[in-house]
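Here's the structure, in structure tokens; my notes come after.
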Amino acid sequence: MTRILVTGSTTGVGRATAAALLEDGHDVVVHARSQDRLAAVEYLIDAGAASVVGDLADPGQVRGIAEQAQQIGPLDAVIHNAGVIAGADLLSVNVVAPYVLTTLLTAPRLIYLSSSMHRGGRPELASADWSGASETVSYSDTKLLVTALMAAVARLRPDVLANAVDPGWVPTRMGGPDAAEELELAHVTQAWLATSQDAEALSSGGYWHHGRVEKTHANVHDEAFQDELLAALAEHTGTDLRDG
């Protein structure tokens, strides 16, 4: 049995991931943006899941999520599932929050939700408004950045298994009704990476899609770009992942 935190687990892929892990007998910590949103996973809490609450767009609340999780007990994995597709909160939710939680929470397995759209992202940090006061990046840009964050963690923390997962274009609130892939498959790879003792699952630095490692945007594994990203995040948050 393992204890796994799944961010953004009140809907879509996150909720499917949390439900599958709980059904398989694992300890699950669900995350909701607000107390009201927690009602969407009340059935999982009734079945034994623990919960944390906080808005990932709010730096103070992100730290509060980490504190709540630490009070529950040691984590074996964190699945950074939460994300938004547009708006001024793109960087805050899709990149800054996973970074801060990575620096504050100790877990031997980390899974970051990416997207095939990361391949269209721009490796450009100079104009990024990390504060979230304005929308300066696209969804594709943020998925490139969070995938590069994963690769940096895999490089700098050899004691951690860090991987990224593309769940596919699936019919969730974010993906829309015209999505071409099956929702039933979208959670499988990240649940496997979080819990399996298979040799393939005990690897790090991979970009996975439906159980297979695929090629990434060239900048994902560019160490200079990774370092530039980490420096920008450290300056913005006051927390340096490289110190750990």
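The values are calculated or read from the model by the stated rules, or taken from the named source; none is laboratory data. This is a predicted model, so every value here is computed, not measured. Quick reminder, even Gly has a Cβ in these numbers, built from the backbone with ideal geometry, and neighbours come from all protein chains shown. Surface accessibility is based on the protein's heavy atoms, side chains included, excluding ligands, DNA and RNA. Shrake-Rupley method; radii C 1.70, N 1.55, O 1.52, S 1.80 Å.
Annotations
- Hits in segment 193-210 - residues which are over 20 Å from residue 149 (Cα atoms), modelled with pLDDT of 95 or more and in contact with a strand residue (DSSP E or B) (Cβ under 9 Å, 6 or more places away or on another chain): 195, 200
- Any hit, segment 136-156, residues being modelled with pLDDT of 95 or more, charged (D, E, K, R), farther than 24 Å from residue 192 by Cα and open to solvent by less than 10 Å² (accessible area, probe 1.4 Å): yes
- Test: residue in segment 179-186 that is among the aliphatic types (A, V, I, L, M), modelled with pLDDT under 95 and part of a helix (DSSP H, G or I): yes
- Criterion (in a loop (DSSP other than H, G, I, E, B), out of contact with any strand residue (DSSP E or B) (no Cβ under 8 Å at 6 or more places or on another chain) and without any contact (Cβ under 8 Å) to a residue 40 or more places away in the chain) met by exactly one of 106, 10: 106
- Output for segment 51-79, where each listed residue is in contact with a strand residue (DSSP E or B) (Cβ under 9 Å, 6 or more places away or on another chain) and not in a helix (DSSP H, G or I): 51, 52, 53, 54, 56, 73, 74, 75, 76, 77, 78, 79
- Pairs are defined by a Cβ separation below 8 Å, a sequence spacing of at least 6 or placement on different chains, a first member in segment 40-51 that is of a type in the set (Ser, Thr, Tyr), and a second member that is surrounded by fewer than 17 Cβ atoms within 10 Å (Cβ to Cβ); the pairs so defined are 51/45.
- Exactly one residue among 82, 88 is farther than 28 Å from residue 185 by Cα and outside any helix (DSSP H, G or I), and that residue is 88.
- Scanning segment 126-172 for residues that are part of a helix (DSSP H, G or I) and among the β-branched types (Val, Ile, Thr) returns 142, 146, 147, 153.
- Picking from residues in segment 187-205 that are part of a helix (DSSP H, G or I) and small (Gly, Ala, Ser), the one that is farthest from residue 160 (Cα to Cα) is 191.
- Top-ranked residue in segment 59-78 [being surrounded by 22 or more Cβ atoms within 10 Å (Cβ to Cβ) and either β-branched (Val, Ile, Thr) or out of contact with any helix residue (DSSP H, G or I) (no Cβ under 7 Å at 6 or more places or on another chain) (or both); ranked as nearest to residue 146 (Cα to Cα)]: 78
- Of all residues making up segment 211-238, the number that are buried (at least 17 other Cβ atoms within 10 Å of the Cβ) and in a loop (DSSP other than H, G, I, E, B): 2
- The combined condition, being under 15 Å from the mean Cα position of the chain (by Cα), open to solvent by less than 30 Å² (accessible area, probe 1.4 Å) and under 18 Å from residue 237 (Cβ atoms), is not fulfilled by residue 81.
- Scanning segment 114-128 for residues that are over 18 Å from residue 227 (Cα atoms) and of a type outside the set (Ser, Thr, Tyr) returns 117, 118, 119, 120.
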